[in-house]
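Taken together, the values in this text are just the output of simple stated rules run on the coordinates, not laboratory data. Bear in mind the structure is a predicted one, so any value in this text is a computation, not a measurement. Heads up, the Cβs are rebuilt from the backbone with ideal geometry, glycines too, and the neighbour counts pull from every protein chain shown.
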Amino acid sequence: MADVDVLVVGGGPAGVCAAVAAARAGASTFLVERHGFLGGMWTAGMVLTLAGYNSWLRPYDRCVEGVPAEWLARAAKQGGAVDGDGWVLNSDPEVMKRVADEMIEAEGIGLLLHSWGARPIVEDGVRGVYAENVDGRRAIRASVTVDCTGNGDIVAGAGSDWVKGTG
Ligand SMILES: Cc1cc2nc3c(=O)[nH]c(=O)nc-3n(C[C@H](O)[C@H](O)[C@H](O)COP(=O)(O)OP(=O)(O)OC[C@H]3O[C@@H](n4cnc5c(N)ncnc54)[C@H](O)[C@@H]3O)c2cc1C
């Protein structure tokens, strides 16, 4: 269904930021997300406290910049997040979803919701995925595939080595 430079699988915080960064670098970009909206644990998981934007020792210096900081600032402007100087910054999941949509749309990124990145296309490396939804199974081909599933679904499916973290 698509043939792009960069395919991102998983539209959580990592996937949204990876897709926006890839598109801004000039890559044709496509994003696949299994839920009907973006944000991953921040929205679907109701993890509303954004920990780690600022260091956790006073003074709470900002330690996250770039695309995620822009997401936070835009949400704060819409009254849906606190861009403050504490260690933990609160957010409203509905506004975080909407801002993610706006950022993806603004960069012209192809977006497929309600769809699983089911299996990687492996041809001398990972060259995209087969995505599955109610319409069936379709191939999205890509020069580079970024696994942002949080579970390493694509990496593991391609037979690559992986290690389960302890965090
Ligand atoms: C219980 C819990 C509590 C937490 N509490 C906090 C907290 O209070 N503050 C904080 O800052 N952080 C917290 N975290 C950590 C934070 O949620 C993660 O660091 C962050 O969500 C990681 O982002 P991610 O994009 O890598 O993964 P995720 O947020 O997990 O996003 C992965 C995305 O990929 C999608 N996906 C998965 N598999 C596929 C597939 N095969 N095809 C298509 N889409 C797929 C998922 O639907 C999801 O949208 C918590 C985590 C957990 C588990």
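For the pair N151 and H114, how long in nm is the line joining their label points, each one 7 Å along Cα→Cβ?
Distance between label points: 2.0 nm.
Take the chain, mark every one of the GluC sites (Glu not before Pro) that falls in a DSSP loop and has at most 10 other Cβ within 10 Å, then report the longest stretch left between them, sites excluded. Present the calculation step by step, with values, prior to reporting the outcome.
On the way: sites that count: E65, E123.
It works out to 1-64.
For the residue pair Q78 and E105, what label-to-label distance in nm results when each label sits 7 Å from Cα along the Cα-to-beta-carbon direction?
0.9
Which net charge results when you count Lys and Arg as +1 and Asp and Glu as -1 among the other residues whose beta-carbon is under 14 Å from that of K97?
Numbers: positive: R74, R98; negative: E33, D92, E94, D101, E102, E105.
With Lys, Arg at +1 and Asp, Glu at -1, the net is -4.
Pull up the DSSP beta bridges for the chain and report the antiparallel fraction as a percent, rounded to 5. Before the final figure, lay out the partial values.
Details: 16 of 30 bridges.
About 55 percent, rounded to the nearest 5.
Within 12 Å, Cβ to Cβ, of A158, how many net charges do the neighbouring residues add up to if Lys/Arg are +1 and Asp/Glu are -1? Could you put the intermediate results ahead of the total?
On the way: positive: R119, R127; negative: E123, D124, D147, D153, D161.
Charge balance in the 12 Å sphere: -3.
Charges at C-beta only: +1 for Lys and Arg, -1 for Asp and Glu. How large is the resulting dipole of segment 59-167 about its Cα centre, in Debye rounded to 20?
Numbers: 11 positive and 18 negative charges, 65 e Å.
Approximately 320 debye in magnitude.
Using r as the Cβ-Cβ distance of S160 and Y130, and R0 as 30 Å, what FRET efficiency do you calculate, to the nearest 0.05?
0.95
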